[in-house]
Each structure stands twice: as C-alpha cells, then as structure tokens.
Amino acid sequence: MKLYYSTTSPFVRKVQVAAAELGLRSQLEIVPLRPSPTAPSAELSAHNPLSKIPALVLDDGECFYDSRVICEYLETQRPADAAALVPASGLERFRVLRLQALADGMLDAGILIFYERAQRPKELHWEDWLAGQSTKVSQGLDALEAQCAHFPAAVDLGQIAAGVAVGWLAFRAPVGDPFAGRPRLAAWFAAFDARPSMIETRPR
C-alpha cells in the first residue's frame with residue numbers, strides 16, 4: 001500500500017498513528033509529497049481528484065481518501081490480535097466517531113488560519129473570518145479539556161485524532177499555546193504523546 005505523505009500533515013499523521021496502533025505501519029510505502037492549495041500535485045491528482053493528502057493507493061491501484069476513510073479501511077485490515085480502534089456498535093462507537101469529528105474540525109479551522117496567514121498577503125487578511133476560525137479551535141480545545149479525563153484506557157481512533165490535532169496546534173500555534181489554561185489537556189497529551197506511534201510520527 002502506498003501512502004501519499006507529508007511530514008507536517010496532521011491528517012497523514014493520524015493515518016500513520018492508526019496504522020502503527022493496528023500493527024500495519026510496516027505495510028505502508030511512504031510517498032513524500034508537498035501539495036498545497038495553490039500548488040497541486042499532478043501525481044497525486046491522478047489518484048485523488050481533490051489533490052489532497054493523505055491518499056492510500058492499494059496494490060491493485062484502488063485509491064482511498066480522506067483520513068477517515070483510510071482509517072476505516074485500515075481497521076478492516078488489522079491482524080487478528082490487534083484491538084479495534086472503533087467499537088463495532090453501540091453508544092461508545094458514536095462517542096469515538098464524535099471525538100474524531102471534533103478533532104478533525106479543529107484541524108480544518110486551524111489549517112485555514114495557518115494558510116490565510118502564510119499565503120495570503122497581510123493586507124488581504126479577513127480578521128473577522130480569522131477570529132471565527134480561532135473561536136472554533138479554542139472551543140474545541142475547551143471541550144477536550146473537559147472530556148480528556150474521561151477517555152477510556154484503551155486507545156481508540158478518537159483519542160488518536162485528538163492527540164494528532166493537539167500536537168499540530170502546538171507545532172504550528174495558529175491560536176497560540178493550546179495548553180494555556182488547560183492543565184488536564186496538557187497532562188493527557190503529555191502521556192499520549194509519549195506513545196511510540198506518536199514519537200515516530202512527530203512533525204518536522
């Protein structure tokens with residue numbers, strides 16, 4: 001399986017962490033790319049018409065995207081002795097999926113802030129829009145501060161998504177320090193970030 005990849009993409013990192021936790025990371029062939037909203041990759045576009053990473057290309061040429069779909073596919077390929085990252089049914093399944101949605105939404109807003117500031121001329125910045133995106137990120141972080149003490153002991157896809165999102169927000173700092181005023185989140189992240197799957201995939 002080929003995974004189109006960038007060292008700083010949080011959505012790629014989520015796939016890599018999930019693959020590692022499922023015992024599948026060695027089966028991924030990493031294909032480095034650095035597409036951006038203003039510079040799409042022709043190679044990537046041939047597999048994913050949205051020209052976005054991550055994209056997972058199977059040995060038969062089938063391609064899956066985005067990170068949620070790829071993680072769900074990897075779940076179906078896990079070894080028999082690997083624990084599932086998403087419960088098969090019941091309320092716990094939807095709690096995990098909700099946490100993933102929260103984390104992915106925070107990343108979407110944070111990435112929009114990052115690109116607005118990094119690529120759009122400063123005189124064209126829309127400050128009200130930036131403030132609105134920042135509010136989404138801050139509210140998401142506050143929700144994680146309230147919830148993280150109640151995360152289950154077993155790692156799941158929601159926790160992976162949350163850990164990757166918080167790690168990227170700390171790395172790029174689009175809204176400043178994500179841990180300021182959030183001691184429970186800081187403690188949870190410090191422990192989660194020490195997992196081998198997180199250490200091996202840190203952005204650089």
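The values are calculated or read from the model by the stated rules, or taken from the named source; none is laboratory data. Quick caveat: nothing in here was measured; it's all calculated off a predicted structure. For neighbour counting, all protein chains shown are included, and Cβ atoms are generated from backbone atoms with ideal geometry for every residue, glycine included.
Worth pointing out:
- Reported count of residues in region 1-46, each being touching a residue at least 60 places away in the same chain (Cβ under 8 Å) and acidic (D, E), is 1.
- Test set (1) more than 24 Å from A82 (Cα to Cα); (2) part of a helix (DSSP H, G or I); (3) aromatic (F, W, Y); (4) at pLDDT 95 or above - W129 fails condition number: (4)
- Whether a residue is out of contact with any strand residue (DSSP E or B) (no Cβ under 6 Å at 6 or more places or on another chain), in the same structural domain as S134 (by TED's automatic domain parsing) and not in a loop (DSSP other than H, G, I, E, B) was assessed, and Q100 passes this test.
- If only residues of region 112-137 that are closer than 17 Å to G176 by Cα and touching a residue at least 60 places away in the same chain (Cβ under 8 Å) are counted, the one that is surrounded by the most Cβ atoms within 10 Å (Cβ to Cβ) is I113.
- Restricting attention to region 167-188, the residues being within 11 Å of E145 (Cα to Cα), part of a helix (DSSP H, G or I) and either in contact with a Ser or Thr (Cβ under 6 Å, 6 or more places away or on another chain) or touching a residue at least 40 places away in the same chain (Cβ under 8 Å) (or both) number 2.
- Out of Y73, Y115, one residue alone is of a type in the set (S, T, Y) and either in a loop (DSSP other than H, G, I, E, B) or modelled with pLDDT under 95 (or both). It is Y115.
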